[in-house]
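Notes follow once the structure below has been shown.
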Amino acid sequence: MKSLVFLGSNSTIHKFQELAEDCGYDLLGILDDDWYDQGEYMGIPVIGREVDISKFGSSEFVCMTNWYPDQHDPVVIRNREKRTRQIQLLDSSGVQLARLISPRSQVSRYAKVADGVIINAFCVLDPGVEVGAHTLLYDHVILGPNSRVGRDCVMQRWAGIAGETNVGDGTYISNMSGVMKVELEIGAGTFIHPGLYLMRGTEPNEVVSLAGRDLRKIYPRIMAVSEVD
């Protein structure tokens with residue numbers, strides 16, 4: 001059985017622990033500066049700090065620190081910075097990155113999935129799909145043929161993109177959202193809010209949302225026939 005080390009942690013870490021086990025890994029524990037003094041995180045042993053990564057060179061690694069594109073919450077901002085630092089450490093240390101691909105997903109043999117990628121259950125990756133390093137696909141994500149998802153992206157549950165679409169690095173596509181038109185460019189750093197389906201591309205770092213005063217619509221009530229004099 002292959003051994004695995006999580007770099008960082010998150011509140012849903014047991015989901016990824018079970019995924020690692022489904023993929024045939026023996027999870028040794030976590031390297032996390034924030035939790036090292038406690039000795040464990042949610043029952044999983046914290047076996048070292050980030051600087052100890054070279055001590056576990058015979059194991060494979062994957063980054064577990066979550067990120068979310070919020071520019072106001074200091075905790076979220078700190079976690080994003082922490083994840084960026086940890087990914088840089090993984091890339092520069094020369095350790096082997098794991099690929100956690102659920103056996104309950106359908107990944108074409110003609111797809112290319114980089115090391116460090118996490119693919120949860122019931123995802124579908126069509127032929128010609130490419131997924132960049134450190135990207136996270138939650139459950140039920142669908143990637144159309146010859147589409148590309150860059151590095152360090154997140155696609156949440158039930159998200160999807162049509163074929164021939166290019167998703168730039170660091171993009172976050174929320175729950176029940178997607179890109180429904182083929183051959184589009186989604187700019188790096190795009191943030192698509194939940195429940196939105198795009199028929200156009202985006203600019204780098206664009207936030208796609210229906211929130212905001214200018215987009216609020218109020219429709220007049222249509223009276224029933226019995227209410228009309």
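The values are calculated or read from the model by the stated rules, or taken from the named source; none is laboratory data. The structure presented is a predicted model; accordingly, all values stated were derived computationally and were not measured. Backbone-built Cβ (ideal geometry, glycine too); neighbour counts: all protein chains shown. All accessible areas refer to the heavy atoms of the entire protein, side chains included, with ligands and DNA or RNA removed. Shrake-Rupley method; radii C 1.70, N 1.55, O 1.52, S 1.80 Å.
Any residue at all in the stretch 62-74 that is part of a strand (DSSP E or B) and at pLDDT 95 or above? Within the stretch 62-74, one or more residues are part of a strand (DSSP E or B) and at pLDDT 95 or above. Within the stretch 100-115, which residues are under 22 Å from SER59 (Cβ atoms), out of contact with any Lys or Arg (no Cβ under 7 Å at 6 or more places or on another chain) and either assigned to a loop (DSSP other than H, G, I, E, B) or among the aromatic types (Phe, Trp, Tyr) (or both)? Selection gives SER102, PRO103, ALA114.
Across the stretch 57-76, the number of residues qualifying as over 20 Å from the mean Cα position of the chain (by Cα) and open to solvent by less than 40 Å² (accessible area, probe 1.4 Å) comes to 1.
Name the one entry in ILE53, ILE30 that is over 20 Å from CYS153 (Cβ atoms), touching a Phe, Trp or Tyr at 6+ places or on another chain (Cβ under 7 Å) and either modelled with pLDDT of 95 or more or not in a strand (DSSP E or B) (or both). Spell out how you get there, then give the answer.
Working: ILE53 fails: touching a Phe, Trp or Tyr at 6+ places or on another chain (Cβ under 7 Å).
Only one candidate passes the filter, namely ILE30.
With respect to ARG49, determine if the residue is among the basic types (Lys, Arg) and in contact with a helix residue (DSSP H, G or I) (Cβ under 7 Å, 6 or more places away or on another chain). So ARG49 passes the test. For the stretch 116-135, the tally of residues that are assigned to a strand (DSSP E or B) and either at pLDDT below 95 or among the aliphatic types (A, V, I, L, M) (or both) stands at 5. Each residue in the stretch 136-187 was checked for being under 14 Å from the mean Cα position of the chain (by Cα), of a type in the set (Gly, Ala, Ser) and assigned to a loop (DSSP other than H, G, I, E, B), and 6 of them qualify.
Looking at the stretch 150-160, which of its residues are among the basic types (Lys, Arg) and either more than 13 Å from ILE119 (Cβ to Cβ) or buried (at least 24 other Cβ atoms within 10 Å of the Cβ) (or both)? Residue satisfying the conditions is ARG151 alone. Of all residues in the stretch 125-141, exactly one satisfies the criterion of being of a type in the set (A, V, I, L, M), open to solvent by 10 Å² or more (accessible area, probe 1.4 Å) and either touching a Leu at 6+ places or on another chain (Cβ under 7 Å) or in contact (Cβ under 8 Å) with a residue 24 or more places away in the chain (or both), namely ALA133.
Of these, GLY163, GLY170, which one is surrounded by fewer than 20 Cβ atoms within 10 Å (Cβ to Cβ), under 16 Å from VAL131 (Cβ atoms) and of a type in the set (Gly, Ala, Ser)? Break it down stepwise before answering.
Numbers: GLY170 fails: surrounded by fewer than 20 Cβ atoms within 10 Å (Cβ to Cβ).
Only one candidate qualifies: GLY163.
Does at least one position in the stretch 154-177 carry a residue that is in contact with a helix residue (DSSP H, G or I) (Cβ under 8 Å, 6 or more places away or on another chain) and under 26 Å from SER9 (Cβ atoms)? Write out each step before concluding.
The first filter runs over the stretch 154-177 and keeps only residues in contact with a helix residue (DSSP H, G or I) (Cβ under 8 Å, 6 or more places away or on another chain), leaving none.
Among the residues of the stretch 154-177, not one is in contact with a helix residue (DSSP H, G or I) (Cβ under 8 Å, 6 or more places away or on another chain) and under 26 Å from SER9 (Cβ atoms), which makes the answer no.
If you take the residues of the stretch 100-112 that are touching an Asp or Glu at 6+ places or on another chain (Cβ under 8 Å) and not basic (Lys, Arg), which of them is surrounded by the fewest Cβ atoms within 10 Å (Cβ to Cβ)? Selected residue: PRO103.
Among the residues of the stretch 3-16, those identified as assigned to a helix (DSSP H, G or I) and open to solvent by 50 Å² or more (accessible area, probe 1.4 Å) are HIS14, LYS15. Might you let me know whether the stretch 77-99 holds any residue that is more than 30 Å from SER58 (Cβ to Cβ), open to solvent by 50 Å² or more (accessible area, probe 1.4 Å) and assigned to a strand (DSSP E or B)? For the stretch 77-99, residues more than 30 Å from SER58 (Cβ to Cβ), open to solvent by 50 Å² or more (accessible area, probe 1.4 Å) and assigned to a strand (DSSP E or B): absent.
For ASP37, the criteria (1) in a helix (DSSP H, G or I); (2) in contact with a Ser or Thr (Cβ under 8 Å, 6 or more places away or on another chain); (3) farther than 25 Å from CYS123 by Cβ hold in every case but one, which is (2).
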